[in-house]
Amino acid sequence: MTLISRAIRSANRLLQPAAPPSPQGLAADLTKLFPEGATNVFDVGAYIGEFAALIHGSFPAARVWCFEPFPGSYERIRIRFSGADWLTVQNVAMSDRTGTAQLILGPDQSTNSLVSPVVTNGAFA
């Protein structure tokens, strides 16, 4: 009888869904910083939405607001998350003042900036 009980318990464990993997890297840091979750997240300079996707994976109930001024990157986000009700994307830059500015294009567009796309030792040129 004990062999049958063990076999049933073992089979039940196999049928249980696997626990989701624990977050690592930035996702782990964010879940530690915000243990109750997040409701609204601004992704400023969203490029193609990697951070937005990471946020959605870590905080599925959060609403993500992406701001991306470069038209090509904006279109990629818009298409990538088409139909996602948790994400809104705007084709604008964010600043501490109103107006217009020159967008400086980086060599691979992930470093496009209103300041400078060149980073040396962690500081913009």
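Scan region 39-72 residue by residue and report those that are among the small types (Gly, Ala, Ser), within 15 Å of the chain's Cα centre (by Cα) and assigned to a helix (DSSP H, G or I). Outline the logic, then answer.
Kept after step one, since they are among the small types (Gly, Ala, Ser), are these residues of region 39-72: 45-46, 49, 52-53, 57-58, 61-62, 72.
Those left that are additionally within 15 Å of the chain's Cα centre (by Cα): 45-46, 49, 52-53, 57-58, 61-62.
Scanning region 39-72 gives ALA52, ALA53, GLY57, SER58.
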I need the full set of residues from region 83-110 which are part of a loop (DSSP other than H, G, I, E, B) and in contact with a strand residue (DSSP E or B) (Cβ under 8 Å, 6 or more places away or on another chain), in order please.
TRP86, VAL92, ALA93, MET94, LEU103, GLY106
Can you pull out every residue in region 3-38 that is at pLDDT 90 or above and outside any helix (DSSP H, G or I)?
PHE34, PRO35, GLU36, GLY37, ALA38
Tell me which of these ILE77 doesn't satisfy, since it passes every other one: (1) crowded, with 18+ Cβ neighbours inside 10 Å; (2) modelled with pLDDT under 95.
(2)
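The values are calculated or read from the model by the stated rules, or taken from the named source; none is laboratory data. What you see is a predicted model; the values in this text were computed from it and never measured. Cβ sites come from the backbone with ideal geometry, for glycine too, and all protein chains shown count toward neighbours.
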